[in-house]
Structure formats: C-alpha cells, structure tokens
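The values are calculated or read from the model by the stated rules, or taken from the named source; none is laboratory data. None of these values were measured; they are calculated from a predicted model. Don't worry about glycine lacking a Cβ; one is built from the backbone with ideal geometry, like all the others, and counts go over all protein chains shown.
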Amino acid sequence: MNDVSSSVAVLAPEPIRPRMAGMGIRALELARTLARELEVRLLVPNDPAEAAEVAADVPVVFAPPEGDLVRAAQGATAAVVSGHAANYWFHQAPGIPVAADLYDPFPIENLHYVETLGEETARHDRAALHLALARSDFFLCASAEQRLFYAGALFEAGRIGAANFPEDPALEKLLAVVPFGVPGRPARGDRAAGRRAAGVPEDGPLVLFGGIYDWNVPELLLDAWPAVRRKEPEARLLFLDSPNPETTPQRVHAEARRRARTLDPDGRSIVFSPWLPYDAREDLYAAADLLVSISSDGLESDLSYRTRLLDAAWGGVPSISISAGALAREIEDAGAGRRVDRSAGALAEAVVTALSDHARLSAAARRFAQERTWGRVARPLLSWCRGARVNGGRLPLPESSAPRFWSRFRRRTASSS
C-alpha cells in the first residue's frame, strides 16, 4: 500500500506522449517510480488523454505552465520540477517543498543554439537556472561531474555557507546524484518488428546513431562509413528524426542528411527514420547491433549524461563513443563499449571490431544496465519526498523572474519556431 501521507506532484517540462525525448521520459519514469510507494500525480502541458496512453497507472492532470498549477497540485506535500516549466511553479506554489531536477544542463546545451536562437535564449536560460537555485529545497543531478558543477553554482548563489555546511559538509540534504535509469526487468524486443519500424532490411548488421542535436558530430561517422562498409558490405546506419523539430534547431541534422545523400544517394545503407514511440524502443534495440555516440569536445560533453547509451545497454546494445561524458567511461570500464580517438580511421576500426564481438559486448551491456534501474537510482529522491520540507535557505525571488518575463519569452519562441 502506498504512503498516503506523502503526495508528490511531478511537473513534466515537455509533453508526455507516445513519441517523446529525454526530459519528458525522465519525468514520466520518476513519477512511475515514486508511485510505487507514494501518492503521485503527473502534471502535463498537453492533452491528458494523450499522456495517459503512456503514463499507465500514474494519474495525469492537465497543467499548462501558465495555468493554475496550485489547483493541479492540490494536496501535494512535495513536488519535482525541471526545465522552463519550473519557472512558473516557483511563482505559483511557494508553500510546497520542491526538488529541482537539474539532470539536463540546458543552459549549457543551448549555447550550441546561439546562432539559431539568439542571445536572448541564453539570458533566459541563465535566469531560469538562477531562479531554480534560489527557490528550490532539494536538487538532483546526473553525475559526479554535474554535482561539482551545481555545487559551485549553489555556493555562488549563496545556498551553501555557514548556515548549512557545518551540519552537512557532504551536501546530502541539498544535492543528490539521481542519474537516468532503466526498467527493473529485461528488455524484450522483437528484432524483425524493430527492423520493419525503422525501414531497415532484416539482414546485415545495424549501427544506430539515434537523434541528432547540434552538439553531435555525425559527420565523423559518415566519414568512417565507407571503411565500415568495405568490411561489412551489408551494414546499415540508422539516424532518427527529432520528435520535437518545432522547438529543436535542426542545423546539424540537416547537414547530416545532405552528406548522407551524397554518400548514399539511394538511401540503401544510410537510413533516416521518424522518431519511434517510447514503448517501441525495445524492438529498436533488438534490431540494432551497435550504438555510436559522437559529440563535440567542450563543457556540454563534460557535463553530459548520454542517456541513450544506458537505455541501449538495457536492450543489449553496446556502444562506441567519442566525447560522451561520464556514462561512456563507466560503460567502457564495464566492458560494454569503447571510447575511441576522434578520427575516422579509429572509429571505423572500432565499429567493425565491435560488430564482430557483438555477443560478448551485448551480455556485458545488459549486466551494466541491470545495476541502474529506476528503483535504485531514484532512492535519494524517494527519501527526500517522504520528509520533504521547505528549506530555510531559500532565497527571495530574483527581480528578473517576474512571470511576464517567461510569458513574453514563450510567445517569442513559439512564433519563431
């Protein structure tokens, strides 16, 4: 029986629907995990009937950020918020203890979009982070690297100091590592179904890159692809289109499409597929033999937690990576993948070698993922929710955080998308 004395509202920062990406998936899975022991409702910005298709037994409440979030969260003793939607929560529900999920360092990610979105997006993201640091009671991050980054930000914001550090020098009451997780059961995909859904023939190895963001470097894999094909003539490479193209700049994705058609005019060996439903990903992993993740060097990669590496490992898919953050290092240490130098030759050799050793690497990937279920990784959040209280170290609302600022920004980005 669930603990009815604790009721948690999880505010989804993105639409919850069959086709969704990282931040929406994380909100859904955290809600599911907490709901095993506590009363939980998932507040969504989209049609609740659409969200209920994937939320299953988690109650769903329609709660657009500019609406009445307090009414939607009525009775909640704690909340979990993230992304830009959190800005509205801090203004509307100051009396409810709140955990800010900072696993996605979007103020850093979005600096890759400055040429497309302009400097105002960067100013907005910085203001959103400052607001979360000032008004949250507990903070989540995804890795040790992120923990240091956010600890520095919290110190600079005045949230770490003489009032709380002596009693909590490890910051356990303020900042916890809660990475991405996987289901607590083995993946059970259908290889043939996954190949059909992706538009890929059933024969030959399949290398999955997945979605393309502006910090990714698919060009290097395309440079290496002819050498891979010389060793594996039936190999195919799969990219996925964005599930949110209206809000996610597509510059690198478009460049990759153009280059792919130059290398493979008929689209026989390099395939672009629509983003698949979240519940269909097990079939995709059963269809794939290897995942490749390549990103540019820099702060975004240093702070990243490439969730696709973990989710694919759950499905038995090993990975080859370049600048893929802490998770790639952990996967390599577990023998479930390999990090390689930034060269087409090294990448091609690593891909061919991994394809020839798939069975061993796949078993190691599954073992790696089994230790990182949602039930395990979310324990610090569950513990906080049980005894959630407003932190006495909260700071006043920053002057630049008036609700009209967020509304003005939302209208502007909506009109330009």
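For Gly194, are the conditions met, namely being in contact with a helix residue (DSSP H, G or I) (Cβ under 7 Å, 6 or more places away or on another chain), at pLDDT below 95 and outside any loop (DSSP other than H, G, I, E, B)? So that I can check it myself, show each step before the final result.
Details: in contact with a helix residue (DSSP H, G or I) (Cβ under 7 Å, 6 or more places away or on another chain): yes; at pLDDT below 95: no; outside any loop (DSSP other than H, G, I, E, B): yes.
Judged against the criteria, Gly194 is not a match.
Within the set of pairs 6+ apart or on separate chains, which have a first residue in region 370-397 that is farther than 14 Å from Asp137 by Cα and touching a residue at least 12 places away in the same chain (Cβ under 8 Å), a second that is acidic (Asp, Glu) and buried (at least 17 other Cβ atoms within 10 Å of the Cβ), and C-beta atoms under 6 Å apart?
Trp374/Glu29
In region 187-203, what residues are more than 11 Å from Ala287 (Cβ to Cβ) and surrounded by 14 or more Cβ atoms within 10 Å (Cβ to Cβ)?
Ala187
For region 261-278, does any single residue satisfy the condition of being more than 30 Å from Val177 (Cβ to Cβ), surrounded by 21 or more Cβ atoms within 10 Å (Cβ to Cβ), free of Cβ contacts under 8 Å to residues at least 40 places away in the same chain and of a type in the set (Lys, Arg)?
Checked against the condition, which is being more than 30 Å from Val177 (Cβ to Cβ), surrounded by 21 or more Cβ atoms within 10 Å (Cβ to Cβ), free of Cβ contacts under 8 Å to residues at least 40 places away in the same chain and of a type in the set (Lys, Arg), region 261-278 yields no hits at all.
Only one of (1) out of contact with any helix residue (DSSP H, G or I) (no Cβ under 6 Å at 6 or more places or on another chain); (2) under 28 Å from Gln146 (Cβ atoms); (3) of a type in the set (Gly, Ala, Ser) is not met by Ala260, so which one is it?
Going through the list (1) out of contact with any helix residue (DSSP H, G or I) (no Cβ under 6 Å at 6 or more places or on another chain); (2) under 28 Å from Gln146 (Cβ atoms); (3) of a type in the set (Gly, Ala, Ser), Ala260 breaks only (2).
For region 320-347, name all the residues that are under 19 Å from Leu222 (Cβ atoms), modelled with pLDDT of 95 or more and touching a Lys or Arg at 6+ places or on another chain (Cβ under 8 Å).
Within region 320-347, Ile320, Ser321, Ile322 qualify.
Pull out all pairs, ordered by first then second residue, where Cβ-Cβ is under 8 Å, the residues are six or more apart or on different chains, the first lies in region 211-225 and is in the same structural domain as Ile320 (by TED's automatic domain parsing) and more than 19 Å from Ser269 (Cα to Cα), and the second is assigned to a loop (DSSP other than H, G, I, E, B) and of a type in the set (Val, Ile, Thr).
Hits for this filter: Tyr213/Thr248.
Is one or more of the residues making up region 326-345 under 20 Å from Ile25 (Cα atoms) and either assigned by TED's automatic domain parsing to the domain that holds Leu111 or in contact with a Phe, Trp or Tyr (Cβ under 6 Å, 6 or more places away or on another chain) (or both)?
Yes, region 326-345 contains at least one residue that is under 20 Å from Ile25 (Cα atoms) and either assigned by TED's automatic domain parsing to the domain that holds Leu111 or in contact with a Phe, Trp or Tyr (Cβ under 6 Å, 6 or more places away or on another chain) (or both).
What tally of residues in region 134-162 results from selecting those that are among the aliphatic types (A, V, I, L, M) and free of Cβ contacts under 8 Å to residues at least 40 places away in the same chain? So that I can check it myself, show each step before the final result.
To start, the set of residues in region 134-162 that are among the aliphatic types (A, V, I, L, M) comprises 134, 140, 142, 144, 148, 151, 153-154, 157, 160, 162.
From what's left, free of Cβ contacts under 8 Å to residues at least 40 places away in the same chain: 148, 151, 153-154, 160, 162.
Of the residues in that region, 6 qualify.
Does Glu172 satisfy the criteria of being assigned to a helix (DSSP H, G or I), over 22 Å from Ser301 (Cβ atoms) and not small (Gly, Ala, Ser)? I'd like the intermediate steps shown before the answer.
On the way: assigned to a helix (DSSP H, G or I): no; over 22 Å from Ser301 (Cβ atoms): yes; not small (Gly, Ala, Ser): yes.
In short, no.
Would you confirm, using the coordinates I've provided, whether Asp289 is among the charged types (D, E, K, R), in contact (Cβ under 8 Å) with a residue 60 or more places away in the chain and in contact with a Leu (Cβ under 6 Å, 6 or more places away or on another chain)?
Working: among the charged types (D, E, K, R): yes; in contact (Cβ under 8 Å) with a residue 60 or more places away in the chain: yes; in contact with a Leu (Cβ under 6 Å, 6 or more places away or on another chain): yes.
Criteria met by Asp289.
Any chance region 62-77 includes a residue that's of a type in the set (Ser, Thr, Tyr) and more than 18 Å from the chain's Cα centre (by Cα)?
Yes, the conditions are met somewhere in region 62-77.
For region 296-329, which positions are of a type in the set (D, E, K, R), under 17 Å from the mean Cα position of the chain (by Cα) and farther than 20 Å from Arg185 by Cα? Explain how you work it out, then say what you get.
Going residue by residue through region 296-329, those that are of a type in the set (D, E, K, R) are 297, 300, 302, 306, 308, 311, 329.
Checking the rest, the ones that are also under 17 Å from the mean Cα position of the chain (by Cα) come to 300, 302, 306, 308, 311.
Within region 296-329, Glu300, Asp302, Arg306 meet the criteria.
Scanning region 362-391 for residues that are among the charged types (D, E, K, R) and not in a helix (DSSP H, G or I), which turns out nearest to Phe90 (Cα to Cα)?
Kept after step one, since they are among the charged types (D, E, K, R), are these residues of region 362-391: 366-367, 371-372, 376, 379, 386, 389.
Keeping just the survivors that are not in a helix (DSSP H, G or I) gives 371-372, 389.
Values: Glu371: 34, Arg372: 31, Arg389: 15 Å.
The qualifying residue nearest to Phe90 (Cα to Cα) is Arg389.
Pairs please, first residue from region 14-37 and at negative phi, second anywhere and assigned to a loop (DSSP other than H, G, I, E, B) and of a type in the set (D, E, K, R), Cβ atoms under 6 Å, 6+ apart in sequence or on different chains.
Met23/Glu14; Met23/Asp104; Gly24/Glu14
Gly181 - would you say it is out of contact with any Gly (no Cβ under 6 Å at 6 or more places or on another chain), surrounded by 12 or more Cβ atoms within 10 Å (Cβ to Cβ), touching a residue at least 60 places away in the same chain (Cβ under 8 Å) and closer than 22 Å to Arg366 by Cα? Quick ask: steps written out before the conclusion?
On the way: out of contact with any Gly (no Cβ under 6 Å at 6 or more places or on another chain): yes; surrounded by 12 or more Cβ atoms within 10 Å (Cβ to Cβ): yes; touching a residue at least 60 places away in the same chain (Cβ under 8 Å): yes; closer than 22 Å to Arg366 by Cα: yes.
When the stated conditions are applied, Gly181 passes them.
For region 212-221, does any single residue satisfy the condition of being within 20 Å of Ala286 (Cβ to Cβ) and surrounded by fewer than 21 Cβ atoms within 10 Å (Cβ to Cβ)?
Taking region 212-221 first, the residues within 20 Å of Ala286 (Cβ to Cβ) are none.
Checked against the condition, which is being within 20 Å of Ala286 (Cβ to Cβ) and surrounded by fewer than 21 Cβ atoms within 10 Å (Cβ to Cβ), region 212-221 yields no hits at all.
Of the residues Val292, Val351, which single one is under 24 Å from Gly199 (Cβ atoms), more than 24 Å from the chain's Cα centre (by Cα) and surrounded by 21 or more Cβ atoms within 10 Å (Cβ to Cβ)?
Values: Val292 fails: more than 24 Å from the chain's Cα centre (by Cα).
Testing whether each residue is under 24 Å from Gly199 (Cβ atoms), more than 24 Å from the chain's Cα centre (by Cα) and surrounded by 21 or more Cβ atoms within 10 Å (Cβ to Cβ) leaves just Val351.
Select, from Ala144, Ala163, the only residue that is more than 18 Å from the chain's Cα centre (by Cα) and surrounded by fewer than 16 Cβ atoms within 10 Å (Cβ to Cβ).
Numbers: Ala144 fails: more than 18 Å from the chain's Cα centre (by Cα).
After applying the criteria, what remains is Ala163.
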